[in-house]
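Asker: Let me begin by handing over the structure; questions about it come next.
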Amino acid sequence: MPEQPASPEPHLPERLARAITLGGPIPVAQFMAAANAHYYATRDPLGASGDFITAPEISQMFGELLGAWCADLWVRAGRPEIRYVELGPGRGTLAADALRAMSSTGLRPQVHFVETSPALRALQAERVPGAHFHDDIGGLPDDCPLLVIANEFFDALPVYQLVKASDGWRERRVACQDLIFLPVAGKLVPETVIPDGVREAPAGSIIESSPASVAIARALATRLVKQGGAALIVDYGYDGPAVGETLQAVKGHNFANPFEAPGEHDLTAHVDFTALAAIATLAGGAVRGPVSQGDFLGSLGIAERASTLARANRHEGERLAEAHRRLTSPADMGRLFRAMAIVSPDWPEPAGF
């Protein structure tokens, strides 16, 4: 009997709908993780033709200043052998700019990227030839200090949501009917898991947590304490615990319904910097910040760098001024985006804090 051809794998919405039909509504975190895994694996989402733009794509100044931050710390640490690590490196633009700035000080480290998207890995390999790739931080080298950059990495990690109902706090889950996904209230959760400051929030209130983010921050801090080095986290976020939903979807540079067309939107949530700092401190790391991105880049000399580039490229002056404004203005990325460092206790104080 001739072999039957394999049935094509259903698209993500159909797979999620089938899972929900068989097992019931799923946690928001599971929905977000599945949607983002498909989204990033199947496209280059960055730039004017994509869905969003990140700081390194706005201007070379961002990556250059982060590279200078690494180089300065390396010099004051005694110029040890180190590895440069980037978590979620996008197109590799930040790394290329940072490595160029580092090389001017004599720092030419081996490069390691934590990236799971085949589409983005291909772009990163073009931009940074010779980079080593890892699916998670567990595969990173453990034989020397690490200088780690995580720019807009933690915001894409899945969040759990709890919603306040008339009878207490319930886990928020995602249900489905005819490929229409919508959030619903699930089972009650023990009141002891709710932070003291938000327990009495009014009905309808939502709080979020990201165990995945906390686990990665703990693992990073543990490595840095053992190996030496530092991690710089730049992302949009807040000081938790806080009440309010931050889960959002972006498509074509516009906001979209995060529960519509899973896998076709970029899903993100604001980062709880308090939670990351607390777990890093418990692991023995020295935490600095967070401070606003505007203040951080300002202290690293972005205004001076913009002026230098404008003098060398007079026809680019207006574009550089606009990039400077977007990266540092409180009305743009300057206030919402924040910078925080986790440093080995044996390493010098990092610049910018």
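The values are calculated or read from the model by the stated rules, or taken from the named source; none is laboratory data. What you see is a predicted model, and the numbers here were worked out from it, not measured in a lab. A quick note on method: Cβ atoms are made from the backbone with ideal geometry, for glycine too, and the neighbour counts reach across all protein chains shown.
Asker: Among the residues of the range 102-115, is any among the hydrophobic types (A, V, I, L, M, F, W, C), farther than 18 Å from Ala351 by Cα and in contact (Cβ under 8 Å) with a residue 40 or more places away in the chain?
Answerer: Within the range 102-115, none of the residues are among the hydrophobic types (A, V, I, L, M, F, W, C), farther than 18 Å from Ala351 by Cα and in contact (Cβ under 8 Å) with a residue 40 or more places away in the chain.
Asker: For residues in the range 229-266 being hydrophobic (A, V, I, L, M, F, W, C) and touching a Ser or Thr at 6+ places or on another chain (Cβ under 7 Å), which is surrounded by the fewest Cβ atoms within 10 Å (Cβ to Cβ)?
Answerer: Only one residue tops the list, namely Val243.
Asker: Would you pick out the residues in the range 153-177 that are of a type in the set (D, E, K, R), touching a residue at least 24 places away in the same chain (Cβ under 8 Å) and either within 30 Å of Leu107 (Cα to Cα) or surrounded by fewer than 17 Cβ atoms within 10 Å (Cβ to Cβ) (or both)?
Answerer: Hit for the range 153-177 is Asp155, nothing else.
Asker: Now a separate question. Out of Leu282, Leu276, which single residue is buried (at least 21 other Cβ atoms within 10 Å of the Cβ) and either under 18 Å from the mean Cα position of the chain (by Cα) or not basic (Lys, Arg) (or both)?
Answerer: Leu276
Asker: Based on this model, can you work out whether Ala71 counts as in contact with a Ser or Thr (Cβ under 6 Å, 6 or more places away or on another chain), among the hydrophobic types (A, V, I, L, M, F, W, C) and outside any strand (DSSP E or B)?
Answerer: Judged against the criteria, Ala71 is a match.
Asker: Also, I was wondering about something else. In this structure, is Ala341 touching a residue at least 12 places away in the same chain (Cβ under 8 Å) and of a type in the set (Gly, Ala, Ser)?
Answerer: Here the answer is yes, as Ala341 does meet what is asked.
Asker: Whether any residue in the range 53-60 is buried (at least 17 other Cβ atoms within 10 Å of the Cβ), acidic (Asp, Glu) and without any contact (Cβ under 8 Å) to a residue 40 or more places away in the chain is what I want to check.
Answerer: Taking every residue of the range 53-60 in turn, at least one turns out to be buried (at least 17 other Cβ atoms within 10 Å of the Cβ), acidic (Asp, Glu) and without any contact (Cβ under 8 Å) to a residue 40 or more places away in the chain.
Asker: Only one of (1) buried (at least 19 other Cβ atoms within 10 Å of the Cβ); (2) of a type outside the set (Asp, Glu); (3) at pLDDT 95 or above; (4) in contact with a helix residue (DSSP H, G or I) (Cβ under 8 Å, 6 or more places away or on another chain) fails for Ser117. Which number is that?
Answerer: (3)
Asker: Which of the residues that make up the range 256-273 are modelled with pLDDT of 95 or more and either within 15 Å of the chain's Cα centre (by Cα) or farther than 15 Å from Met32 by Cβ (or both)?
Answerer: Passing the criteria: Leu267, Thr268, Ala269, His270, Val271, Asp272, Phe273.
Asker: Given (1) part of a strand (DSSP E or B); (2) within 30 Å of Ile20 (Cα to Cα); (3) touching a residue at least 60 places away in the same chain (Cβ under 8 Å); (4) aliphatic (A, V, I, L, M), where does Ala150 come up short, assuming only one miss?
Answerer: (2)
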